[in-house]
Amino acid sequence: MLIEFKVKNYRSIKDQQVLSMVKSSTKELEATNTFITPEKKKKISILRSATIYGANASGKSNLLKAFSAMQNIVLNSDSKIKRGIKLPIVPFLLDNESNSEPTEFEIIFIADNIRYQYGFSLNQERILDEWLYAFPEGSAQTWFERTIEEETQEIKWRFGSKLTGNKKIWSESTRDNALYLSTAVYLNSEQLQPIYDWFQNTIHVLESTARLDPNFTYDLYRNEIYKTKINNFLNIADLDIEELLISEEQFDESTIPDDIPEELKISILNDMKDKKVLDVKSLHKTVQGEDVYFDIKDESDGTKKFLAFIGPWIDTLENGYVLVIDELHDNFHPLMVRFLIELFHSDETNPKNAQLIFTSHETSVMTQEIFRRDQIWFCEKKSKATELYSLAEFKTRKGVTDIEKGYFSGRYGALPYFKKIDRMMGVRYVEN
């Protein structure tokens, strides 16, 4: 589970921005929208979801890209990012000072009932700092710290007594552009494995829902237990689909369009040779109650997107994952968005306290009946840089304040600003 995420000097983000999933002191929707961490000591209340609003180009997507960037560096620096390869980060480029300063990520999370605080700073050439603190008994334990000596540019290491294993060998094996965490796990550190596994298995970032692969849902559907659950969701969502018929067929080269380049056609044929593809049909009922099967490609964009979504959604809820999604509202009716959100706010559908973080322009769910104030966040550009802040910073009255109306009136900022059309077109209109 996620407690807090920090990012500094990344894309449109200049100064450090903090997304906190820690519950504020208010009691609103406490029973449904929050849960208590499973730590032995110093348990804290955590939010089950957070939504982020803001104008286009305000930096909402960049905040989510920061999650993905940190995850990718952790998972790839042990083997895929070879010596000499540039690290995949872009600093804030609209300021001469930040352009040359490091990017920084830090995350606080719980894995196997232990809270960890892990972070690193870097530029495109090397890791500059890296740190890991653990809280197995409530108080912080320093497991390792890595810093750069300014004068010599040499790496300095500090290891705590609670970190076990071949610490010296792991540090000597860590390349300048690799993380110690990833290197130590690659070299069989059992103690650090749960932290690496959290990045690999628990947090799932969907930067573009348009590219979400429905095959994950279809694979789940072939399991009878998940088939029943997916059918239930299809029924609740009122998509007029009784069930899916999924079968495997040999790849048919006649399905390749004739107008694509010959080299690409040959490449596809070589890649798909002897492979099977899924044939998916949806079962509908006529008004007379007779069965009619549609090819899945003939369903609406919203239906196809829902089918692509529902597999990861169920998987997340079943396993207590953290799901981070950009533009959840895309292709979905507002009531569908509300339905998907409220699955996370129910003990019945979310027994393992999965978390949802998403950006959206769908303001109809911006209500105190669905969200607590500390679950609603805003992104706004100030001095060309992204700033993130919570609705909890503003005074609202439960059951009285219309948050959506207040947002559109500009009370909370984070709105797009449009210049007058005559200025945009370079023409000045004068009344006769």
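The values are calculated or read from the model by the stated rules, or taken from the named source; none is laboratory data. Because the structure is a prediction, the values reported are computed rather than measured. Because the Cβ atoms are built from the backbone with ideal geometry, glycine has one as well, and the counts that use them run over all protein chains shown.
Observations on the model:
- Cβ pairs under 6 Å, 6+ apart, first in region 183-197 and in contact (Cβ under 8 Å) with a residue 60 or more places away in the chain, second exposed (fewer than 15 other Cβ atoms within 10 Å of the Cβ) and assigned to a loop (DSSP other than H, G, I, E, B): Pro194/Asp112
- Test: residue in region 88-98 that is over 21 Å from Ile195 (Cα atoms) and part of a helix (DSSP H, G or I): yes
- Candidates are the residues of region 121-180 that are aromatic (Phe, Trp, Tyr) and over 28 Å from the mean Cα position of the chain (by Cα); the one that is surrounded by the fewest Cβ atoms within 10 Å (Cβ to Cβ) is Trp157.
- One residue stands out in region 60-110 among those that are in contact (Cβ under 8 Å) with a residue 60 or more places away in the chain and among the hydroxyl-bearing types (Ser, Thr, Tyr): the one that is farthest from Asp15 (Cα to Cα), namely Ser79.
- Subset of region 49-80 (residues that are assigned to a loop (DSSP other than H, G, I, E, B) and touching a Leu at 6+ places or on another chain (Cβ under 7 Å)): Ala55, Ser77
- Being over 19 Å from Leu29 (Cα atoms) and crowded, with 16+ Cβ neighbours inside 10 Å is not true of Ala354.
Yes or no, residue by residue, for (1) under 19 Å from Leu179 (Cα atoms); (2) surrounded by fewer than 20 Cβ atoms within 10 Å (Cβ to Cβ):
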| position | (1), (2) |
| --- | --- |
| Thr51 | no, no |
| Ala57 | no, yes |
| Val74 | yes, no |
| Ile85 | yes, yes |
| Leu94 | no, yes |
| Glu106 | yes, yes |
| Asn113 | no, yes |
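- Taken as a whole, the structure places Leu29 among residues that are at positive phi, in contact with a helix residue (DSSP H, G or I) (Cβ under 9 Å, 6 or more places away or on another chain), assigned by TED's automatic domain parsing to the domain that holds Tyr389 and not small (Gly, Ala, Ser).
- Matching entry among Ser346, Ser409 (being under 30 Å from Gln200 (Cα atoms), at pLDDT 85 or above and surrounded by fewer than 21 Cβ atoms within 10 Å (Cβ to Cβ)): Ser346
- Residues of region 67-98 satisfying the condition of being farther than 24 Å from Ile203 by Cβ and acidic (Asp, Glu): Asp95, Glu97
- Which numbered condition Ser208 fails, given (1) under 22 Å from the mean Cα position of the chain (by Cα); (2) under 30 Å from Leu132 (Cβ atoms); (3) of a type in the set (S, T, N, Q): (2)
- Within region 201-305, helices (runs of 4 or more DSSP H) holding 1 or more residues that are modelled with pLDDT of 80 or more and buried (at least 16 other Cβ atoms within 10 Å of the Cβ): 215-221, 224-236
- Selection status of Arg158, more than 30 Å from Asp78 (Cβ to Cβ) and either touching a residue at least 12 places away in the same chain (Cβ under 8 Å) or not assigned by TED's automatic domain parsing to the domain that holds Glu290 (or both): no
- Of the listed requirements (1) in contact (Cβ under 8 Å) with a residue 12 or more places away in the chain; (2) assigned to a loop (DSSP other than H, G, I, E, B); (3) surrounded by fewer than 19 Cβ atoms within 10 Å (Cβ to Cβ), Lys381 misses just one: (2).
- From Lys6, Lys43, Lys82, residue being at pLDDT below 95, under 24 Å from Ser139 (Cβ atoms) and of a type outside the set (Asp, Glu): Lys43
- Within region 16-40, the only residue that satisfies the criterion of being among the basic types (Lys, Arg), at pLDDT below 95 and under 19 Å from His345 (Cβ atoms) is Lys27.
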